[in-house]
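Taking it in order: structure first as structure tokens, then the write-up.
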Amino acid sequence: MRVTTVRRTAAGFGLALLVCAALAAWLAPTPRRGPPAVAPSPPTTLSGAELWARHCAGCHEVEDLAPQLRGEHGAARALEWLSFLEAHAEGDAGEDRAVLAFLAGQTD
């Protein structure tokens, strides 16, 4: 008789747990489907000359810096300047390269 009582009690608790789980799933809020999120627009890419005018021209002159990149050791200096711009400038690596290309006379 004890075994039958224990089995019935366990089955009753199991059934009660199952009913509570089903009730909780039914009452849980469902996420609302709204309009799809708008993808952010890609950042506007500026030319080296525009970046220079915006960020560098206030303190530096092209005529003072450009000859250093166009000389015999221009490639080595460009690598030095890239590390300098990473610490000094606010732009990303692509913008730093665009400014160096502008100074070296490759673009703009």
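Residue by residue, here is whether (1) modelled with pLDDT under 85; (2) hydrophobic (A, V, I, L, M, F, W, C) holds:
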| residue | (1), (2) |
| --- | --- |
| LEU15 | no, yes |
| VAL38 | yes, yes |
| LEU51 | no, yes |
| ARG54 | no, no |
| GLY58 | no, no |
| GLU86 | no, no |
| GLY91 | yes, no |
| ASP96 | no, no |
| GLN106 | yes, no |
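LEU65 meets each of the listed conditions (1) of a type in the set (A, V, I, L, M); (2) exposed (fewer than 12 other Cβ atoms within 10 Å of the Cβ); (3) modelled with pLDDT under 85 apart from (2).
The values are calculated or read from the model by the stated rules, or taken from the named source; none is laboratory data. What you see is a predicted model; the values in this text were computed from it and never measured. A quick note on method: Cβ atoms are made from the backbone with ideal geometry, for glycine too, and the neighbour counts reach across all protein chains shown.
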